[in-house]
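Visitor: What follows is a structure written as structure tokens; I'll ask about it next.
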Amino acid sequence: MAVSNERMSLQQCADTIAGEIEGVFATLATTADRVRQLREQARAAGRCMTSRDLHTLRELVTAQLDAYGGRLNGSGFITAPGVLSDRDLYLEWWIRNDDPVQFYPLRVDLDPASANFYNYETMAWFALPRDTGKSVVVGPYVDLNGVDMYILTFSQPVVHEGSFCGIVGADVPVYSFERWVLHPLMRLPNDTVLIGEEGRVIAANTADWPIGTLAPSLVEAEGERHRRVELAGEGLSWSLVETSP
């Protein structure tokens, strides 16, 4: 099917981008459902869930990564402390590499006594879903302690019987996300910038606003030369700002 190049409105563009984001969260919801099933199965067997139970997520998560064709760098489940009987902190996270396509688990230092301790409890993509009960998109940022890439992290809380069990998440390289949204952005008649919650540029159809730069002048921009549309979605505080010539 040919891709349409017809002009679209700012609202249509916002809805298209929000739809891409909702698709990622729908994928994460499938993983969250599987985690809850694993916890139920462990309880039915008269025991607590273990890290060995979570190893069975590999097939599901790698299939999801494969279906996205490299647009997601990694995905998986990260536990809240005490959820597993054999590990206090644990992540079942898989990364997709290309050329050739292969999958491998992310290994980080989860020893609190270590100088390289990966304290994910303090990171926004874990803390915000835990504290608010809502899905979030964090970034763009450089994940120096994880995959060492410029990424957006999509994360969603996993709650079972009223108890927070951890988060399911996915890392999306910024260059990959830009490709998702560039086509609808290019169908807008004027220069338009996609801005995150902190006022950082996530994507744009103009070279005047490089990805990752702060755009304080656009955060509250309104008036004759600017139009703003907020993206709809749970936990999403992004907006499209169009600048008229």
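Visitor: Scan region 73-103 for residues that are touching a strand residue (DSSP E or B) at 6+ places or on another chain (Cβ under 6 Å) and hydroxyl-bearing (Ser, Thr, Tyr) and jot them down.
Guide: Matches in region 73-103: Ser75, Thr79, Tyr90.
Visitor: What number of residues within region 112-162 satisfy the criterion of being aromatic (Phe, Trp, Tyr) and out of contact with any helix residue (DSSP H, G or I) (no Cβ under 8 Å at 6 or more places or on another chain)?
Guide: Matching residues across region 112-162 total 4.
Visitor: Just wondering, is there one or more residues in region 155-174 that are in contact with a strand residue (DSSP E or B) (Cβ under 6 Å, 6 or more places away or on another chain) and in a loop (DSSP other than H, G, I, E, B)?
Guide: no
Visitor: Hey, another quick one. Select, from Leu218, Leu144, Leu185, the only residue that is at pLDDT below 85 and not in a loop (DSSP other than H, G, I, E, B).
Guide: Going through Leu218, Leu144, Leu185 in turn, just one is at pLDDT below 85 and not in a loop (DSSP other than H, G, I, E, B): Leu218.
Visitor: When you scan region 181-200, how many residues do you find that are hydrophobic (A, V, I, L, M, F, W, C), surrounded by fewer than 20 Cβ atoms within 10 Å (Cβ to Cβ) and under 12 Å from Ala215 (Cα atoms)?
Guide: Residues in region 181-200 being hydrophobic (A, V, I, L, M, F, W, C), surrounded by fewer than 20 Cβ atoms within 10 Å (Cβ to Cβ) and under 12 Å from Ala215 (Cα atoms): 0 in total.
Visitor: Would you please name the residue that is farthest from Leu72 (Cα to Cα), looking only at residues in region 82-96 that are assigned to a strand (DSSP E or B) and either out of contact with any Leu (no Cβ under 6 Å at 6 or more places or on another chain) or of a type in the set (Asp, Glu) (or both)?
Guide: That would be Leu91.
Visitor: Residues of region 52-83 being on the phi > 0 side of the Ramachandran plot and surrounded by fewer than 13 Cβ atoms within 10 Å (Cβ to Cβ), which ones?
Guide: Residues satisfying the conditions are Gly69, Gly82.
Visitor: Same structure, new question: Please tell me if Thr206 is hydroxyl-bearing (Ser, Thr, Tyr) and modelled with pLDDT of 85 or more.
Guide: Yes; evaluated as a whole, the condition is true for this residue.
Visitor: In region 114-136, is there at least one residue being part of a strand (DSSP E or B) and open to solvent by less than 50 Å² (accessible area, probe 1.4 Å)?
Guide: Yes, because at least one residue in region 114-136 is part of a strand (DSSP E or B) and open to solvent by less than 50 Å² (accessible area, probe 1.4 Å).
Visitor: If we keep just the residues of region 160-180 that are of a type in the set (Phe, Trp, Tyr) and open to solvent by 10 Å² or more (accessible area, probe 1.4 Å), which is modelled with the highest pLDDT?
Guide: Phe164
The values are calculated or read from the model by the stated rules, or taken from the named source; none is laboratory data. The model shown is predicted, which means the values in this text are computed figures rather than measured ones. When we count neighbours, we look across all protein chains shown, and the Cβ atoms used for this are built from the backbone with ideal geometry, even at glycine. Surface accessibility is based on the protein's heavy atoms, side chains included, excluding ligands, DNA and RNA. Shrake-Rupley method; radii C 1.70, N 1.55, O 1.52, S 1.80 Å.
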